[in-house]
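Asks: Got a structure for you, questions after.
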Amino acid sequence: MRFASLRSRPTLDAVLPIVFTGLMSGLGLIIAIGAQNAFVLRQGIRREHVATVIAVCAAADIALIAVGTAGVGALVSSYPTVLTVIRWLGAGYLLWFASGALRSALRPTALVAAAPASRGSVLATTLALTFLNPHVYLDTVLLLGTLAAAYEDHRWWFALGACVGSVVWFTALGLGARALSGPLSSPSTWRVIDAVVAVVMTVLAARLVLT
């Protein structure tokens, strides 16, 4: 029995393609510009609590991927009312965030002179932009969970790849933006950045309400 169980363990050649598929699937879902990515980019350029933002975004993704892989993703699709409530809350929060970015874009000097945001406020914003987005439950929990389920006993290898993708992406995005913060720190550049953030957040809010 013991030797049989040893033979049944997956080999590296067998699991690597599954891990890679999970990696590419995870990256495909999170690379698209969204509220969370826009905020990570903005915080990286501002050089404000970048490590905290990266850690929270990656940890949240890992937790949601694990929930979907464990099979809880089916519950999300079974309770559409919950997603509706999250959708309206998320749209309201995105519009509020967009209005703040627009005010900053109209007053670029305020960005340079403003005091840095506290770690607590940055943490709260990161959590809100992550968990008040219904697409995170549909994509990360339900879709990735469904894709992982197709691998049956090997589904956690798929989940591992998706988790690695999240960690790599948020780390690269946050640290990359931080490295470019010098040449991007002029008031005119900040006006463009905040204007783009305001537009992205408004469009995402409209999509949440209209879909």
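Derivation of every value follows stated rules applied to the coordinates shown; laboratory data play no part. Since the model is a prediction, treat every value here as computed from it, not as a measurement. All Cβ positions, even for glycine, are placed from backbone atoms using ideal geometry, and neighbour counts span all protein chains on display.
Asks: Please compute the length gained on full extension between ALA195 and ASP13, using 0.36 nm multiplied by the number of residues separating them and subtracting their Cα-Cα distance.
Replies: Once the chain is fully extended between ALA195 and ASP13, it gains 60.8 nm.
Asks: Grab the Cα-Cα distance for GLU152 and ILE31, subtract it from 0.36 nm times how many residues apart they are, and report the gain in nm with one decimal.
Replies: Full extension from GLU152 to ILE31 adds 40.9 nm.
Asks: For a protection proxy built on the mean count of beta-carbon atoms within 10 angstrom, sort 136-149, 119-132 highest first, please.
Replies: Most protected by this proxy first, the peptides run 136-149, 119-132.
Asks: Figure the gain on full extension for ALA172 and VAL209 (residue separation times 0.36 nm, minus the Cα-Cα span) and round it to one decimal in nm.
Replies: Gain on extension, ALA172 to VAL209, equals 10.2 nm.
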